[in-house]
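Here the structure is laid out as structure tokens; the discussion comes afterwards.
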Amino acid sequence: MPNAIERTIATIKAIRSNQFLTKPIVKNLSRNRGVLVVWLSGFLLLGGIDLLLVQNTQREEKYQHSLVAQHFQSRLQSSMEAHVTALIALNVIYQNFVDISQYDFQQYGQSITANLHGFRRLFYVSPNLTLTRIYPYTPKNAQLVNTHLDKAPVYASLFSQARQTRQPFTSGLLNFMGDEDSVLAIIPIYRNNSEFIGYAVGDIAMQVLWNPLQKESMANQRTIHLSDPAGRVLQKTAPSVREKQKPAAQLTFLVTNQPWHLTVEPRHGLRDLLLNQRLALWFGGLLILILTQMLINGAKRYKRNLSEAQHQFETMFHASPDGILMLGDNLELQLTNPPIKEWSGLSAEALSKKTFFDLFSCQCPHMAKCRELSFLLCTSDQFEGELPESLETEITHNQSGINRTLRLNASRLKADKAERDGVQEQRGFICVLGDISTRKELERVKESHIATLTHDLKTPLLAQELVLSSLINGKAGTITSDQQKLLMGASDSVKDLLDMVNATLLFYKLESSHLAMYKQPMNLQLLLKDVIDSLQPLLEKRQLSLEFHAALNLPEVSVDPIQMKRVFHNILSNALNYALRQSTLHLYIHQADQEEAVTVCISNLGKGIGPQELPHIFDKYYSLSRKFKQIGSGLGLYIAKRIVELHGGKIWAESEPDKETRFYVSLPAIQKIAASPTMQTPPSAIRAKEGV
């Protein structure tokens, strides 16, 4: 005994020490307690439904079998009572005959057995229990005449009970005259209710009454048992294994005051249906539990993914070096991250009371309209105005006054379908702001350095050009033709460098808004003729011709002649450089109907500009010169575009690869003059394009 106790204590200690076994189990149970609750609740619910189903089926089965038992009992009872009634009628006939032997027993027996097929034989038994008359009188039955029934105690007891009660009396199941399934119906006969003259006896063949009921019970898949008052059972079908159970229905009925018992046992019936229902219940229930578990797992995964996504968003939102803010319908600040608080010097509570324009001042030319409409036009898909290439805004620290330049990216928050179907559609905006103050300062320093360096380069280049020009003209002495060619090549290179330096200086003046425009009324036709005259040597050098087409009565335009000559000189020189040799350039000046602008079109035949490159040719530092193995800074067309825009005009290009390329410049006219019907139309329709 002590050894057993010690082993038990050691086992408990081992279990407690092996927490690596118990802890995971407890942890898993705790983690999956929701699953356990679902499955336990499901099994309890299925068990309860199964119990109710069994109880209801048992009640229904009991009720149905009770009805069947009552039906069988009614048929048996009515059949047996009908036979007894026939014997009572025989008793009345016997009482009316002085000499019973004078009655035609065969004729009466034939008449009643024709209607009551349950009688096997009819007897007349004398008072001393001697069988004297029988129907039917067959050779076999004739041997029973004059049989003394008092020799059999069973028969003597039955007749004695009938005589004592003076009422119809039926026996139980017995073997009467060699027939095992007989029931005797016995009626004592009294003449004038006093003189006892014998017994009227009917041998009821129970098997004849039983067979129809037995067939019906077999058809209904039930087994019935009939027990007589002594407990003997009339049964012809042995019960199966499934039938060895508690009887479904038991009934007791009286025949001439004798209790008979009828029992009904199910063979199949509702129990097969119950089995199918229970199988369907549990199978369907388990399937529902599995589907429920799958839904729960899916919901958990969705919740976990949502939680992870929310955590990632919060991490990115708070750890982002860029400022992130969400705006409401009226541009009020709804959500801000730490950089916004740091840049503004305001608390979250103070920021919640601000709007976008309370904190930020945009550099966009449409800021006033945005503020007026409480709407960020830069997020609108339907906004047709021109926006800067990069949207910038500024924010000032509330305490230190430090000013920061920020890059602005704004997007509209579209309402979902549920909100769109509501009374009012909710809108909002999300803005991402990057601090570009350091970059802007570096760009400013770089541009200042480049501008200074470029300006310093201009002086020696001018000196070199002057020296080369003096040498070419022979002011320093006579030079040979070969020397002159070399000096002219060097002079051209210096001029190219000087043009690039001038373009760079002009670019920085435009970027810093230090370029002043001195506009005056000008005739574009005369201005273009001056540009063409300056390019005449280049035309001859490249063996090109130029056709000039000008409409009559063109209005004047208000332009800075120096800057506008620079624009057309740039465009025409590009057209000359990229045109096919021995081809013809076309220059058109035109004023279209219903327009208050004069449009110049310059076209050439060459390699053209591809569709991928065409949208970028006016970008700064974008140049096709390297593609065609020529020198270029990538600023010429950008400067031309800026100068044209400063004059309120537009510039754009159209090109077909390996075919014609056309550049258009449209400038507002001082006064509107109808176009002459004799003017020449350019090869394609001249039209102003928005946003070019």
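The values are calculated or read from the model by the stated rules, or taken from the named source; none is laboratory data. Just so we're clear, the structure is a prediction, and the values are computed from it rather than from any experiment. FYI the Cβ positions are ideal-geometry reconstructions off the backbone, even for glycines, and counts take in every protein chain you see. These accessible areas exclude ligands, DNA and RNA; they are computed on the full protein's heavy atoms, side chains included. Shrake-Rupley method; radii C 1.70, N 1.55, O 1.52, S 1.80 Å.
Evaluated against (1) at pLDDT below 85; (2) under 55 Å from the mean Cα position of the chain (by Cα), Trp652 falls short on exactly one condition, (1).
Taken over region 286-295, the criterion of being open to solvent by less than 50 Å² (accessible area, probe 1.4 Å) and of a type in the set (A, V, I, L, M, F, W, C) is satisfied by Leu289 alone. If you check Arg120 against the conditions, is it at pLDDT below 85 and buried (at least 17 other Cβ atoms within 10 Å of the Cβ)? In short, yes.
What about Glu243, is it open to solvent by less than 80 Å² (accessible area, probe 1.4 Å), at pLDDT below 75 and part of a strand (DSSP E or B)? It would help to see each step written out before you state the result.
Working: open to solvent by less than 80 Å² (accessible area, probe 1.4 Å): yes; at pLDDT below 75: yes; part of a strand (DSSP E or B): no.
It is false that Glu243 is open to solvent by less than 80 Å² (accessible area, probe 1.4 Å), at pLDDT below 75 and part of a strand (DSSP E or B).
Hey, among Gln64, Gln55, Gln70, which residue is closer than 30 Å to His225 by Cβ and modelled with pLDDT of 80 or more?
On the way: Gln64 fails: modelled with pLDDT of 80 or more; Gln70 fails: modelled with pLDDT of 80 or more.
When all the criteria are applied, what remains is Gln55.
Hey, can you tell me all the residues within region 557-600 that are in a loop (DSSP other than H, G, I, E, B), of a type in the set (S, T, N, Q) and open to solvent by less than 20 Å² (accessible area, probe 1.4 Å)?
Here is the first cut: in region 557-600, the residues in a loop (DSSP other than H, G, I, E, B) are 560, 578, 580-583, 591-596.
This time we only want the ones that are of a type in the set (S, T, N, Q), so: 582-583, 591, 594.
Result: Ser583, Gln591.
Identify all residues within region 152-161 that are closer than 14 Å to Ser126 by Cβ and out of contact with any Asp or Glu (no Cβ under 7 Å at 6 or more places or on another chain); write none if there are none. If the condition is that a residue be closer than 14 Å to Ser126 by Cβ and out of contact with any Asp or Glu (no Cβ under 7 Å at 6 or more places or on another chain), then Tyr155, Phe159 are the ones that fit. Taking first residues from region 306-327 that are open to solvent by 90 Å² or more (accessible area, probe 1.4 Å) and partners that are among the acidic types (Asp, Glu), the Cβ contacts under 8 Å between residues at least 6 apart in sequence or on separate chains come to Pro321/Asp435. Please determine whether any residue of region 549-556 is modelled with pLDDT of 85 or more, of a type outside the set (A, V, I, L, M, F, W, C) and not in a loop (DSSP other than H, G, I, E, B). For region 549-556, residues modelled with pLDDT of 85 or more, of a type outside the set (A, V, I, L, M, F, W, C) and not in a loop (DSSP other than H, G, I, E, B): present.
When only residues in region 246-285 that are surrounded by fewer than 14 Cβ atoms within 10 Å (Cβ to Cβ) and outside any helix (DSSP H, G or I) count, which is modelled with the highest pLDDT? Give the derivation first.
The initial filter retains those residues of region 246-285 that are surrounded by fewer than 14 Cβ atoms within 10 Å (Cβ to Cβ), namely 246, 252, 254, 257, 259, 272-273, 275-276, 279-280, 283-284.
Still in the running and outside any helix (DSSP H, G or I): 246, 252, 254, 257, 259.
Working: Lys246: 58, Thr252: 81, Leu254: 76, Asn257: 74, Pro259: 84.
The selected residue is Pro259.
Within the option set Pro153, Pro168, Pro139, being more than 24 Å from Leu234 (Cβ to Cβ) and open to solvent by 10 Å² or more (accessible area, probe 1.4 Å) holds for one residue only, Pro139. Taking the numbered list (1) at pLDDT 80 or above; (2) loosely packed, with under 14 Cβ neighbours inside 10 Å in turn, Asn211 passes all entries but (1).
Among residues of region 595-613 that are among the hydroxyl-bearing types (Ser, Thr, Tyr), those with a beta-carbon under 8 Å from a residue that is in a loop (DSSP other than H, G, I, E, B) at least six positions away or on a different chain give the pairs Thr599/Gln591; Thr599/Ala592; Thr599/Ile686; Thr599/Ala688; Ser603/Pro682; Ser603/Pro683.
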